[in-house]
Every structure is written in C-alpha cells, then in structure tokens.
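Here's the structure, in structure tokens; my notes come after.
The values are calculated or read from the model by the stated rules, or taken from the named source; none is laboratory data. Keep in mind the model is a prediction, meaning the values are calculated, not measured. Cβ: placed from backbone, ideal geometry, glycine included. Neighbour counts: every protein chain shown.
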Amino acid sequence: MYIAREFSKLWKRVCTETAVEWKLLQEKWKLLLAGLVFQYIHGLAARGVHYLHQPGPVLQDVGFMILPELGKERGYVSENTFATIFISFFLWTFHPFISHSKRFYTVLIWRRVLAFLVFSQALRIITFYSTQLPGPNYHCREGSALAKLPKPDSIFEVLLLNFPRGVLYGCGDLIFSSHMIFTLVFVLTYQKYGSKRFVKFLAWLIAVIQSLLIIASRKHYTVDVIVAWYTVNLVVYFLDNKLPEMPDRTSGTQPLLPTNTKWKENKSGDLVDWRLRVQMTGKHLDDEDLPLTETNMNAT
C-alpha cells in the first residue's frame, strides 16, 4: 500500500510537471531548436578545419613539461570524466519531474545552457579558423594517416561529419577546448541553480581535474584550456548580467504551475518548493540556507 501510494504521488508529480514543461516547450521550441542546430554547425566547422590542418612538431608547452603523458592507451580517462560530467548534468536538469524541490524549469534551463554554448562555440570557431596549430594529439602528429584529410569526394562526406569517427579523431580545432566549454557551462549553471553546496565544490574540483586530464592526454595545448576558462566565464557573466534575464514564467500574473486543491492536499513542503522555484538573476540559496517550513518563510 505504501509503495502504491508513493508511486501514485510520483506519477501525479511527473504528469503535472510534464504538462507545465510542454506548455513552455510550445513557446520556446524555436530557440531550443536553433541551439541544437548550432551544435551541428559547430561540428561542421570543426570538421572543415581538419581539412586545413598541417601536422608538424608538437609546440613547446609548459603543461606538457609539468604533467606526465597519459599515453595513447589511457586517453579514454579524460573522455570518461567528461561523459560523467555530461550525463550527471543532463539528469540533474530533469530532476524537477520527480523531485519535491523545483528551482527551475527544464525547458528554460536548457534554453539558457544552449545560449551559453552557442556564444562560446561561435567564439571558438572564429578562433580556431584564425590560426591553425599543429595538433598535439597522437592521431594529429606527423606520420599519422588521420593527421590530414584528403580532399572530400563529395559534399555529403563533409556534411555527414564522418560520424562518429570524424568527431572523435578531429584535428585543428584547438583554441579553445570544446570539452571545457561544456564542462564550465554545466558547472557554472549548477553553481547558480543547484542546491547542494558539496556538489558545487565537487563540480569545480572535477572541472580542474578535467582540465589537467585534457592536457595530460595531449588532446589540447595548455593555452586551449586556459583560454576556455576565462572565455566561458566571461560569456556566462555577459549573458547573465548584460542581456535580459530569461523569464521562467509566462507573461501575466497567473503562475504556470497549478495551484488547485489537489496540490494543497500534498505536504506543505511541496508548496514551499513551488514558491522557491524562481529563476531570476539573484543568487539561489543552497539547501542549508533554505527555510524549512512555511512558517519560517512567513517569519522572514
């Protein structure tokens, strides 16, 4: 009986959240689609610069001098770390569908994330087409068959990106690191909208570790990682503070979330969480700083 009752509550929560998110998706789908299309454009640009890549001696790099080389057989370590970051963030953005605590809407958080990615990737495209450096990765070095691509037989060979091989074994798209763009955008987003202080600390720690692993794997020069760190932070700062804040409510006084009597039957914790779910420019409180009851909220 207890399991059935809890499952029923969870199902109601999922259905209600789906209805709300669907309404938002109907309004914002064009912006989301544009952001997703640009991911393909970014991949196409990276594929194109591979045709321009000229393999040569690996440049002198302080990071290469300090960090021991992981080796070709351990190059997967940085990729696995990135995959963990990506999957964890992706799942977290959908937690409002099942969680009592709802600080944002999934549609709006992804619209915001895609905006950060598009601006950062546009700068990246301009940068790596401006100057092509000899790739430090193993498949980009002199003597490798993958270091320089032959002239494509057809336009479709370019447009299809030779997926997934062309994505995994690209060369020339160095300044600045795409992996660090995603990593930093995800970490900065959780820093603002996340609730667990320990997870925020852990996220920044993993971002630093990911930076070191990328250099140790010789997938990027140190400059590629450093430029990513300050560029992405500046892009996020600019969008957060200079551009209008992306609202999480439709125009008007009526809230998107239902406030009918069915939801009043749930525990008061739900109501507190709904009220706290405001996606504004101001800093979001961590769970340790949140009021525990509606009485405490009224008292403040």
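Before we move on, is LEU59 at pLDDT 90 or above and either in a helix (DSSP H, G or I) or in contact with an Asp or Glu (Cβ under 7 Å, 6 or more places away or on another chain) (or both)?
The answer is no for LEU59.
Being under 17 Å from the mean Cα position of the chain (by Cα) and either outside any loop (DSSP other than H, G, I, E, B) or modelled with pLDDT of 95 or more (or both) is the requirement here; does VAL236 meet it? Don't jump to the end; show me each part of the working.
Details: under 17 Å from the mean Cα position of the chain (by Cα): yes; either outside any loop (DSSP other than H, G, I, E, B) or modelled with pLDDT of 95 or more (or both): yes.
Yes; evaluated as a whole, the condition is true for this residue.
Is it true that GLY135 is in contact (Cβ under 8 Å) with a residue 60 or more places away in the chain, part of a loop (DSSP other than H, G, I, E, B) and farther than 18 Å from LEU44 by Cβ? Quick ask: steps written out before the conclusion?
Numbers: in contact (Cβ under 8 Å) with a residue 60 or more places away in the chain: yes; part of a loop (DSSP other than H, G, I, E, B): yes; farther than 18 Å from LEU44 by Cβ: yes.
In short, yes.
Pairs please, first residue from the range 101-122 and over 30 Å from LEU174 (Cβ atoms), second anywhere and among the hydrophobic types (A, V, I, L, M, F, W, C) and not in a helix (DSSP H, G or I), Cβ atoms under 7 Å, 6+ apart in sequence or on different chains.
Listed by first residue and then by second, the contacts come to THR106/PHE94; LEU108/MET246.
Within the bounds of the range 24-36, is there any residue that is touching a His at 6+ places or on another chain (Cβ under 8 Å), of a type in the set (Gly, Ala, Ser) and either modelled with pLDDT of 90 or more or loosely packed, with under 14 Cβ neighbours inside 10 Å (or both)?
no
Could you please let me know if GLY172 is in a loop (DSSP other than H, G, I, E, B) and surrounded by 21 or more Cβ atoms within 10 Å (Cβ to Cβ)? Explain how you work it out, then say what you get.
On the way: in a loop (DSSP other than H, G, I, E, B): yes; surrounded by 21 or more Cβ atoms within 10 Å (Cβ to Cβ): yes.
So GLY172 fits the description; yes.
Identify all residues within the range 106-147 that are of a type outside the set (Ser, Thr, Tyr), over 25 Å from the mean Cα position of the chain (by Cα) and surrounded by fewer than 17 Cβ atoms within 10 Å (Cβ to Cβ); write none if there are none.
HIS139, GLU142, GLY143, ALA145
Out of all the residues in the range 52-68, which are surrounded by fewer than 17 Cβ atoms within 10 Å (Cβ to Cβ) and in contact with a Gly (Cβ under 8 Å, 6 or more places away or on another chain)?
Selection gives LEU52 alone.
When the residues of the range 185-221 are filtered to those that are polar (S, T, N, Q) and surrounded by 18 or more Cβ atoms within 10 Å (Cβ to Cβ), which remaining residue is nearest to ASN80 (Cα to Cα)? Give the steps one after another, and end with the answer.
Going residue by residue through the range 185-221, those that are polar (S, T, N, Q) are 189, 191, 195, 210-211, 217.
Imposing the further condition that a residue be surrounded by 18 or more Cβ atoms within 10 Å (Cβ to Cβ) reduces the set to 189, 195, 210-211, 217.
Values: THR189: 21, SER195: 25, GLN210: 10, SER211: 13, SER217: 12 Å.
Per the stated criteria, the residue is GLN210.
May I ask you to list the residues in the range 94-123 that are among the basic types (Lys, Arg) and in contact with a Phe, Trp or Tyr (Cβ under 6 Å, 6 or more places away or on another chain)?
Matches in the range 94-123: ARG103 only.
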